[in-house]
Amino acid sequence: MLNLVADIDTDGVVEEAPAKPQVQQEVKPSGTKAKATPKPKAAAAKPSPEPKVPDLPAEQQPVSDADRNLCKALLTDLKVPPRNQLIAAFKKQFDLPADAIISAHITLPEHVRFIQQRVAEQPAEAFTGSEAAD
């Protein structure tokens, strides 16, 4: 603390307020049974996946937001020409109209697999940040 004072009469001597007494927390020995606060469930910290429909097979279950966001990120990492080609192929494969926004149609594991496979087939030059010129 610098003890800077605006009053000349005190010559820098300032009385400090008495420190508040510190309250110590009571520590119980480990042998006694103390009521512990319940830990929040790990699942509560994570966003919950989309609900599974028990009557549908795995291939028809809705994909999670994480899978959908992964596909969006994969598409975003592509340069514009290869991205547009992949989007056109997706629309053709899944019978979507030409003006459809595909992020809204990534709903099944088949859609995620299609995008992941097509992205994996792309050469390194197809991705943003690659050294090769367009």
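The values are calculated or read from the model by the stated rules, or taken from the named source; none is laboratory data. The model shown is predicted, which means the values in this text are computed figures rather than measured ones. Don't worry about glycine lacking a Cβ; one is built from the backbone with ideal geometry, like all the others, and counts go over all protein chains shown.
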Residue count for the range 77-98, restricted to those that are surrounded by 13 or more Cβ atoms within 10 Å (Cβ to Cβ) and within 16 Å of THR128 (Cα to Cα): 7
Any residue at all in the range 4-21 that is at pLDDT below 95, surrounded by 11 or more Cβ atoms within 10 Å (Cβ to Cβ) and among the small types (Gly, Ala, Ser)? no
Just to be sure, is ILE87 touching a helix residue (DSSP H, G or I) at 6+ places or on another chain (Cβ under 6 Å) and not charged (D, E, K, R)? yes
Does ASP67 count as assigned to a loop (DSSP other than H, G, I, E, B) and at pLDDT 95 or above? no
Can you tell me which residue within the range 99-134, out of those that are in contact with a helix residue (DSSP H, G or I) (Cβ under 9 Å, 6 or more places away or on another chain) and polar (S, T, N, Q), is surrounded by the fewest Cβ atoms within 10 Å (Cβ to Cβ)? THR128
Got a number for residues in the range 54-64 being part of a loop (DSSP other than H, G, I, E, B) and either touching a strand residue (DSSP E or B) at 6+ places or on another chain (Cβ under 9 Å) or loosely packed, with under 12 Cβ neighbours inside 10 Å (or both)? 4
